[in-house]
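The values are calculated or read from the model by the stated rules, or taken from the named source; none is laboratory data. Since this is a predicted model, take the numbers as computed values, not measurements. When we count neighbours, we look across all protein chains shown, and the Cβ atoms used for this are built from the backbone with ideal geometry, even at glycine. The protein model used for the area step is the full one, side chains on, heavy atoms only, and it has no ligands, DNA or RNA in it. Shrake-Rupley method; radii C 1.70, N 1.55, O 1.52, S 1.80 Å.
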Amino acid sequence: MSEIMSDLFDNIERLSKLIGVSGDEEDVRNYIISRLPSECEYKTDNIGNLLVFKKGRKTPKNKVMLCAHMDEVGFIVSSVSENGTLKFSPVGGINPSVVFGRRVIFKNGITGVIAAKAVHMLSDEEEEKQPKLSDLSIDIGARDKEEVLKHIATGDFCTFLSGYEEFGEGFIKGKALDDRTGCAMLLELLSKDNEYDMYCAFTVQEEIGTRGAACAAYNVKPDMAIVLETTTACDISEVEEEKKVCILGNGAVASFMDKGTIYDRELYRLSFECAESVGVKCQTKTLIAGGNDSGAIHKAVGGIRTAALSVPTRYLHSPSCVMKKEDVIAVLKTAAKLQERLSEL
């Protein structure tokens, strides 16, 4: 367990700190390549997915693809104002309430703050409303537009500037844990002595419509797929019990349906059996909401039987995603067993 904890969470921390907004995942991809075992074969497809194959001791009856996405939510510069501030658009689903006053960072190291009209300048009507992202701007401390354009251009990406931290009893927080945690779990699985051949897809552009996963599915052409993800946990005191979705500390989350997928019923039930067989907890995602790469995978190449295993996570798509280490381990162990079971199903 301690060896798993060390390697897995070191990769989660390192991956979390990288900048890889949808459509600009190169740094994340390069890091993953640098950590692949030497016996892995890999290629990057035309959209940017990293597709990895590792030979196992046996050839499986069913080709199983494990999938996690490399991209994160962020912002793209849409214009530069004469006063030196930057207008932007969100890349992925970001709630405006988590944005104002936050620090952001560009790949060239330039940092800024997301700014809005001062509170004492707001009208009574404006005070009652949540600000729109279109009302905000990024302040990088530039004098004017000319100075900005020496460092930043329209079309450049930035993301939250936020550190990785362990706190409390087994909690971690950081940006982009959705889904760098899944990527780290795939690296961990690839580092093991595999019973069956392993096909892994580190996908791009999940946050803007699962675009990479669609291409990965057509490239790999698996019989079955396991998506390793994070999912929203609303297990805080203000939320009614039935709306908590899932709970930190209660293990891996298996989905039966979300906005993009009705999951294979046999694989859903099998997820719980696998978790029990390896001695970890598994829970159901109780709200039909959201979606992930499964939405594109399950309807590709004539249909692919698909399961999703997620880490319950608070405050997704914010600078401070929060999860518990024990849940990450639960997903990892369940996924390893499920991959074996599906290979021989």
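Within the stretch 51-61, is even one residue closer than 22 Å to D27 by Cβ and of a type outside the set (D, E)? Yes; the residues of the stretch 51-61 include at least one that is closer than 22 Å to D27 by Cβ and of a type outside the set (D, E).
Listed by first and then second residue, the pairs with beta-carbon distance under 6 Å, at least 6 apart or on different chains, first residue in the stretch 131-143 and under 10 Å from P96 (Cα atoms) and at pLDDT 90 or above, second open to solvent by less than 20 Å² (accessible area, probe 1.4 Å) and not in a loop (DSSP other than H, G, I, E, B), are L136/I114.
Please find, among V253, V278, the residue that is open to solvent by 10 Å² or more (accessible area, probe 1.4 Å), among the aliphatic types (A, V, I, L, M) and either in contact with a Leu (Cβ under 6 Å, 6 or more places away or on another chain) or under 19 Å from T334 (Cα atoms) (or both).
Matching residue, one of V253, V278: V278.
Does any residue in the stretch 179-201 that is among the small types (G, A, S) come within less than 6 Å, Cβ to Cβ, of a residue that is open to solvent by 10 Å² or more (accessible area, probe 1.4 Å) and part of a loop (DSSP other than H, G, I, E, B) six or more places away or on a different chain, and which pairs are these? What qualifies is S191/P37. Can M65 be described as open to solvent by less than 10 Å² (accessible area, probe 1.4 Å) and touching a Pro at 6+ places or on another chain (Cβ under 9 Å)? Yes: the conditions hold for M65.
Could you say which residue among R35, R14 is open to solvent by 20 Å² or more (accessible area, probe 1.4 Å) and touching a helix residue (DSSP H, G or I) at 6+ places or on another chain (Cβ under 6 Å)? Sole residue among the options that is open to solvent by 20 Å² or more (accessible area, probe 1.4 Å) and touching a helix residue (DSSP H, G or I) at 6+ places or on another chain (Cβ under 6 Å): R35. Taking the criterion of being assigned to a loop (DSSP other than H, G, I, E, B), under 14 Å from F202 (Cβ atoms) and out of contact with any strand residue (DSSP E or B) (no Cβ under 6 Å at 6 or more places or on another chain), the residues of the stretch 1-35 that qualify are L18, E25.
Residue-by-condition table, conditions (1) without any contact (Cβ under 8 Å) to a residue 24 or more places away in the chain; (2) in a helix (DSSP H, G or I):
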| position | (1), (2) |
| --- | --- |
| C215 | no, yes |
| P222 | no, no |
| C246 | no, no |
| N250 | no, no |
| R269 | yes, yes |
| E276 | yes, yes |
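The set of residues in the stretch 281-323 that are of a type in the set (V, I, T) and either open to solvent by 30 Å² or more (accessible area, probe 1.4 Å) or out of contact with any Lys or Arg (no Cβ under 6 Å at 6 or more places or on another chain) (or both) comprises T284, T286, I288, I297, V301, I304, T306, V311, T313.
Scanning the stretch 56-104 for residues that are under 17 Å from S134 (Cα atoms), assigned to a loop (DSSP other than H, G, I, E, B), modelled with pLDDT of 95 or more and among the aliphatic types (A, V, I, L, M) gives a single hit, V73. Among the residues of the stretch 88-99, those that are over 18 Å from the mean Cα position of the chain (by Cα) and surrounded by fewer than 17 Cβ atoms within 10 Å (Cβ to Cβ) comprise S89, P96, S97. With respect to the conditions (1) of a type in the set (A, V, I, L, M, F, W, C); (2) closer than 20 Å to K221 by Cα; (3) open to solvent by 20 Å² or more (accessible area, probe 1.4 Å), I76 lacks only one, and its number is (2).
Selection of the stretch 323-341 for residues being of a type in the set (D, E) and either within 18 Å of S255 (Cα to Cα) or in contact with a strand residue (DSSP E or B) (Cβ under 6 Å, 6 or more places away or on another chain) (or both) yields only D327.
Scanning for something of a type in the set (A, V, I, L, M) and under 16 Å from the mean Cα position of the chain (by Cα), does the stretch 257-268 turn up at least one residue? No - not one qualifying residue is present in the stretch 257-268.
Condition first: of a type in the set (G, A, S), touching a Leu at 6+ places or on another chain (Cβ under 8 Å), open to solvent by 10 Å² or more (accessible area, probe 1.4 Å) and outside any loop (DSSP other than H, G, I, E, B). Can you find one or more residues in the stretch 324-342 that meet it?
Of all residues in the stretch 324-342, those of a type in the set (G, A, S) come to 330, 335-336.
Checking which are touching a Leu at 6+ places or on another chain (Cβ under 8 Å) leaves us with 335-336.
Okay, now just the ones that are also open to solvent by 10 Å² or more (accessible area, probe 1.4 Å), so 336.
Now drop any that are not outside any loop (DSSP other than H, G, I, E, B), which leaves 336.
Checked the stretch 324-342: at least one residue is of a type in the set (G, A, S), touching a Leu at 6+ places or on another chain (Cβ under 8 Å), open to solvent by 10 Å² or more (accessible area, probe 1.4 Å) and outside any loop (DSSP other than H, G, I, E, B).
Filter the stretch 213-232 down to the residues that are open to solvent by less than 50 Å² (accessible area, probe 1.4 Å), under 14 Å from the mean Cα position of the chain (by Cα) and not charged (D, E, K, R) and list them by number. Result: A213, V227, L228, T230, T231.
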